[in-house]
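Before any comments, here is the structure.
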Amino acid sequence: MRRLLGTCVLALPWMYHPALAQVIEFESNGLKYQTLTKSGVTIMFAQLPSHLHTYAIIQVAVSNGSEGPYVIRPEDFSWMRAEDAGIRATPARTVIEMLFQKGGGNDVIKLVKAYEAAVYGNQHMKTTNGYEQRRLNALAMSATRLRAAATASAIALVQSKLVAGESTDGAVFFDTEGKPLGPGHLVVRTNTDTFNFVLNSE
């Protein structure tokens, strides 16, 4: 994967003053992306059209342009909705364990196609340690369920410590009982900032 978040991060600073952090929206390969930079860290996301069992999925890319290390994990992500308290993202290990028990080849093939279309079709994105590297490790698995779990592990955003200049990408899963996420706010809380992305309709 040669085309992920770094290119976008380099281009963003001249577009707005850092003190006036604002969400930037754009479309790529049929998906609607939003990106926001705070304290030198850039987060980009888009909803994926497919789902996995009971999970709705978003594709996320994170780049650390700050001077220090930055830890990102799926549990930092919440989808806030007007009608309830919102949904916190499911830890990657929970999704992987579910696939190990119940997953089949078709489930993962659909997910891979949707994710790769998002990643490879977005020229604004570039990561140094993301899906492409993890995917190569998953190809060595042979048993169907084991391969499904391994592939999900490659796609899923897992807890990562990014040093200055590093970036990563991955899928974040929300257990919606198979329903779309719908209108709401994607909130990402870190130890220094809160990123808030508003989606009024989907």
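The values are calculated or read from the model by the stated rules, or taken from the named source; none is laboratory data. In this text, all values refer to a predicted model and were calculated from it rather than measured experimentally. Glycine gets a Cβ as well: all are built from the backbone with ideal geometry, and neighbour counts include every protein chain shown. Ligands, DNA and RNA are excluded from the accessible area calculation, which covers all protein heavy atoms including side chains. Shrake-Rupley method; radii C 1.70, N 1.55, O 1.52, S 1.80 Å.
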Checklist entry - Just one of the numbered conditions (1) farther than 25 Å from residue 32 by Cβ; (2) modelled with pLDDT of 85 or more is not true of residue 174; which one? => result (1)
Next on the checklist: When you scan the stretch 84-92, do you find a residue that is open to solvent by less than 10 Å² (accessible area, probe 1.4 Å), in a loop (DSSP other than H, G, I, E, B) and among the small types (Gly, Ala, Ser), even just one?
Outcome noted: yes
Next on the checklist: Residues that are basic (Lys, Arg): list the strands (runs of 3 or more DSSP E) wholly contained in the stretch 152-202 that include at least 1 such residues.
Outcome noted: 160-162, 184-189
Checklist outcome for this item: Checked pairs for the stretch 173-202, first more than 18 Å from residue 44 (Cβ to Cβ), second open to solvent by 90 Å² or more (accessible area, probe 1.4 Å) and outside any strand (DSSP E or B), C-beta under 7 Å and 6 or more apart or across chains, list as 180/202; 182/202; 183/200; 183/202
